[in-house]
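Novice: Sending over a structure as structure tokens; questions will come in a sec.
The values are calculated or read from the model by the stated rules, or taken from the named source; none is laboratory data. Remember, it's a predicted structure, so these values are computed and weren't measured experimentally. Cβ atoms come from the backbone with ideal geometry, glycine included; neighbour counts cover every protein chain shown.
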Amino acid sequence: MKTIEIKNALPLSVFSHEMLYALLEKSVSNINDKISNLVKKGELVRLKKGFYTFSKAYLEKPIDLIVAANTLYAPSYVSFDYALSYYGMIPERVSEITSATSKNKKLFETPIGRFSYKKVPLQAYSLGIDWIYDKSEGGKFIATPEKALCDKIRYDRGIGTLTQSAMLEYLKYDLRVEITKPLDATFVQEIAVAYKSRNLKTLSKLVEKGKL
């Protein structure tokens, strides 16, 4: 089976060893050798043990890094800086793909980028996750704007407990946040309760007062 045929059968940003195995088992006698040879020739790119993507020569479009982040470590959803940049809420272009997970924190340095995962408590994890449908990839998980901002504030360890005025200063000058569409104050409050976070309760009050 030629590499282009494998690519046409697996139109995904990232795929597993098991998916490759199932595809090749009817036509290849030594599947692991076949996969190893494709990696050595640079036609497959190994991202971590058991997970691959195709080399640039076989890509018709850029790898979806959000899908890749979801796939490399599950369960997870993209959040923090990368999600804020995705929504245009911070001006910086973010190179590290940042995610939240219900499992232990993790970091992967891969040929397609750096993927980091912070552990979020279960009571907060399931709140504010959007599932975006993609006809070729199937779908991807990313925080809502409210959750991405709450995650960022909650895990910024150096800020201490902020007053409302200090929170506004922090959002404006430290994060340089620009609210691209109105945030839901009730939802921010719900996330704040789940996180048991004073700073997020302060954020919810600012949103409720229309100061963001």
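Novice: Among the helices (runs of 4 or more DSSP H) lying completely within segment 102-212, list those that include at least 1 residues that are of a type in the set (Asp, Glu).
Specialist: It comes to 145-154, 164-169, 185-195, 198-208.
Novice: Follow-up question, since we're still on this one. Can you name the residue in segment 59-81 that is at pLDDT below 95 and not aliphatic (A, V, I, L, M) and, of all such residues, is farthest from Ser126 (Cα to Cα)?
Specialist: Glu60
Novice: Within segment 150-163, is there a residue that is surrounded by 14 or more Cβ atoms within 10 Å (Cβ to Cβ), closer than 26 Å to Ile63 by Cα and not aromatic (Phe, Trp, Tyr)?
Specialist: Looking through segment 150-163, at least one residue is surrounded by 14 or more Cβ atoms within 10 Å (Cβ to Cβ), closer than 26 Å to Ile63 by Cα and not aromatic (Phe, Trp, Tyr).
Novice: Using beta carbons and a limit of 9 Å, which pairs, at least six apart or on different chains, have the first residue in segment 172-187 and acidic (Asp, Glu) and the second one in a loop (DSSP other than H, G, I, E, B)?
Specialist: Within 9 Å, the pairs are Asp174/Asp156; Glu178/Gly88; Glu178/Met89; Glu178/Ile90; Glu178/Pro91; Asp184/Thr144.
Novice: Looking at segment 65-86 only, could you name the residues that are surrounded by 18 or more Cβ atoms within 10 Å (Cβ to Cβ) and not aliphatic (A, V, I, L, M)?
Specialist: Asn70, Thr71, Tyr73, Ser76, Tyr77, Ser79, Phe80, Asp81, Tyr82, Tyr86
Novice: If the requirement is being surrounded by fewer than 18 Cβ atoms within 10 Å (Cβ to Cβ), of a type in the set (Lys, Arg) and touching a Phe, Trp or Tyr at 6+ places or on another chain (Cβ under 9 Å), which of these qualifies: Lys181, Lys205, Lys196, Lys172?
Specialist: Going through Lys181, Lys205, Lys196, Lys172 in turn, the sole match is Lys181.
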